[in-house]
1. For the chain, what is the calculated [θ] at 222 nm in deg cm²/dmol (nearest 500), taking -39500 (n - 2.57) for each run of four or more DSSP H residues and dividing by its residue count?
2. Tabulate in residue order the Karplus-calculated ³J(HN,Hα) for segment 101-117, using 6.51 cos²θ - 1.76 cosθ + 1.60 with θ = phi - 60°, rounded to whole Hz; enter x for Gly and Pro.
3. Quick one: what are the phi-derived ³J(HN,Hα) couplings along segment 90-98, Karplus 6.51/-1.76/1.60 with θ = phi - 60°, whole Hz, x for glycine and proline?
4. In a Gaussian network model over the chain where Cα atoms closer than 10 Å are linked, find which of Leu86, Leu94, Leu17 has the largest mean-square fluctuation.
5. Of the chymotrypsin sites (Phe, Trp or Tyr not before Pro) in segment 49-126, which ones lie in a loop per DSSP and count no more than 13 other C-beta atoms within 10 Å?
6. Ignoring ligands, DNA and RNA, what percent of the accessible area of the chain is carbon or sulfur (1.4 Å)?
7. Where the centroid of each part is defined by its Cα atoms, how far is segment 101-122 from segment 3-47 in Å?
8. Using a Gaussian network model of the chain whose springs link C-alpha atoms within less than 10 Å, name the residue from Arg105, Arg91, Arg81 with the highest mean-square fluctuation.
Amino acid sequence: MINAVGRRKASIARVYLTKGSGEITVNGKAYKDYFPQIHIQNSLTDPFKTVEVENIYDVKVNVSGGGYKGQAEAIRMAIARTLVKLNEEFRSPLKAKKFLMRDARVVERKKYGKPKARKSFQFSKR
């Protein structure tokens, strides 16, 4: 069993990879039930398609925090990291698609005297 951590926005995903039939479970559910959108499902399986090892490994995921998109990208990063731990030759194709890079963009904090982070109230000269 190989494990890794992936992060994106406020999401943290812990992934455990084992030899198996290609099942992906997220928080105890099948990933197709947890993420109903097809484009999000594809982002989870992209690292396997990139290195051409589909339906060989079972993936167990614990994910928390953030929304569904952030969670999916955190899982994608963690899966890519486990595949690199498994075989160092997978590093260059995964790195070319930027699956191993941490996207550090997070929501900017709200400032006092403003309704949002940067938005200001309407200015009136008189």
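The values are calculated or read from the model by the stated rules, or taken from the named source; none is laboratory data. Not measured: the values here are computed from a predicted model. Ideal geometry is used to build each Cβ from the backbone, glycine not excepted, and the neighbour counts take in all protein chains shown. These area figures cover heavy atoms from the full protein model, side chains too; ligands, DNA and RNA do not enter into them. Shrake-Rupley method; radii C 1.70, N 1.55, O 1.52, S 1.80 Å.
1. That calculation yields -10500 deg cm²/dmol at 222 nm.
2. Working through the residues one at a time gives 8, 6, 8, 8, 5, 10, 5, 6, 6, 6, 9, 5, x, 9, x, 9, 5 Hz.
3. 6, 4, 5, x, 6, 5, 4, 8, 6
4. Judging by the Gaussian network model, the answer is Leu86.
5. Hits after loop and neighbour filter: Tyr112, Phe121, Phe123.
6. 51
7. Spelled out, the Cα-based centre of one part sits 29 Å from the other.
8. Result: Arg105 has the largest fluctuation of those listed.
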